[in-house]
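First the structure, in the form of structure tokens, and then the observations on it.
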Amino acid sequence: ETMRRDFVANVSHEIRTPLTVLSGFVETMQSLPLEEADRTRYLGLMAQQAQRMQTLVSDLLTLSRLEGSPAPGAGEWIAARELLEHVLQEARGLSAVIAEPPHDIAADADEEIWISGAKTELLSAMSNLMSNAVRYTPPGRKISAGWTHREDGSAEFHVRDTGPGIAAEHIPRLTERFYRVDRSRSRETGGTGLGLAIVKHVVQRHGGQLDVTSELGKGSTFMLVLPASRVRARSRR
Ligand code: ADP
């Protein structure tokens with residue numbers, strides 16, 4: 001009950017901020033005659049706030065869909081490399097927009113692995129981890145990602161960044177909804193505080209887990225681990 005109350009309070013707070021800004025601009029535009037340049041600037045800022053609310057609502061819907069539906073079956077086999085290529089491309093695109101110079105984003109593993117699960121969910125989890133790496137790592141620095149087959153037959157998707165790192169006491173709380181280590185950085189880069197909650201749900205539904213290792217000042221590694229039952233690999237093992 002407490003969690004439910006906190007959640008509703010958090011959601012309301014997250015929505016109220018952009019809504020206040022947006023209605024502020026609406027009022028200004030209603031009461032003042034504006035120069036064309038100001039008008040354009042205000043509309044841009046209004047669009048930004050509306051976009052922020054849209055992203056938030058879309059993440060909330062994703063979470064509630066994940067909670068309300070049965071775990072995906074083991075029917076569809078997907079080439080891990082295809083998913084990797086997809087999220088690498090996407091991350092390079094994001095980096096080109098928000099970082100100058102853009103990050104050096106590369107694959108650091110090339111094993112032939114197939115995984116079974118819900119493709120859109122897995123892509124969304126991988127892409128959340130990549131976008132965090134891009135958003136929290138200073139421009140120009142290195143980010144690498146890849147799928148590897150582990151000794152025990154499980155498979156791991158990892159994203160290594162060279163960003164600020166995360167202090168140990170925050171790590172267990174990262175997947176809580178709206179938990180942020182650095183509130184201003186998260187906002188600045190369009191974060192909703194829900195990304196890792198979504199990732200955790202997706203992995204758990206697939207019978208896996210999310211692991212995080214990090215060193216302050218050096219960077220972080222996020223690992224999405226899928227159980228052996230969902231993995232096929234052509235490899236030395
Ligand atoms: P957000 O939308 O705020 O990024 P997330 O749930 O994706 O929300 O992440 C929660 C918090 O974890 C972030 O606000 C940030 O403080 C921290 N975090 C996530 N990924 C990284 C990373 N790669 N490097 C440093 N901090 C990170």
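The values are calculated or read from the model by the stated rules, or taken from the named source; none is laboratory data. This one's a predicted model, so the numbers in the text were calculated from it and none came from an experiment. Ideal geometry is used to build each Cβ from the backbone, glycine not excepted, and the neighbour counts take in all protein chains shown. What goes into the accessible areas is simple: the full protein's heavy atoms, side chains included, and nothing from ligands, DNA or RNA. Shrake-Rupley method; radii C 1.70, N 1.55, O 1.52, S 1.80 Å.
For region 102-116, the criterion of a residue being within 23 Å of T189 (Cα to Cα), within 13 Å of the ligand (Cβ to nearest atom) and open to solvent by 30 Å² or more (accessible area, probe 1.4 Å) is satisfied by no position. Only a single criterion out of (1) open to solvent by 30 Å² or more (accessible area, probe 1.4 Å); (2) in a strand (DSSP E or B); (3) aliphatic (A, V, I, L, M) is not satisfied by L61, namely (2). Whether a residue is under 30 Å from S69 (Cβ atoms), within 10 Å of the ligand (Cβ to nearest atom) and surrounded by 22 or more Cβ atoms within 10 Å (Cβ to Cβ) was assessed, and V203 does not pass this test. Residue pairs whose Cβ atoms lie under 9 Å apart, separated by 6 or more positions or on different chains, with the first residue in region 158-187 and polar (S, T, N, Q) and the second open to solvent by 40 Å² or more (accessible area, probe 1.4 Å) and in a helix (DSSP H, G or I), are T175/K200; T175/H201; S186/Y136. The single condition among (1) closer than 21 Å to S95 by Cα; (2) within 7 Å of the ligand (Cβ to nearest atom); (3) in contact with a strand residue (DSSP E or B) (Cβ under 8 Å, 6 or more places away or on another chain) that L174 does not meet is (1). F157 meets the conditions (1) away from the ligand (no atom under 13 Å from the Cβ); (2) not in a strand (DSSP E or B) in every case but one. The failed one is (2).
Given the options R92, R185, R135, name the one that is part of a helix (DSSP H, G or I), basic (K, R) and more than 12 Å from the ligand (Cβ to nearest atom).
Working: R185 fails: more than 12 Å from the ligand (Cβ to nearest atom); R135 fails: more than 12 Å from the ligand (Cβ to nearest atom).
After applying the criteria, what remains is R92.
Being open to solvent by 30 Å² or more (accessible area, probe 1.4 Å) and at positive phi: is that true of G153 here? Considered against the rule, which asks whether it is open to solvent by 30 Å² or more (accessible area, probe 1.4 Å) and at positive phi, G153 comes out as no.
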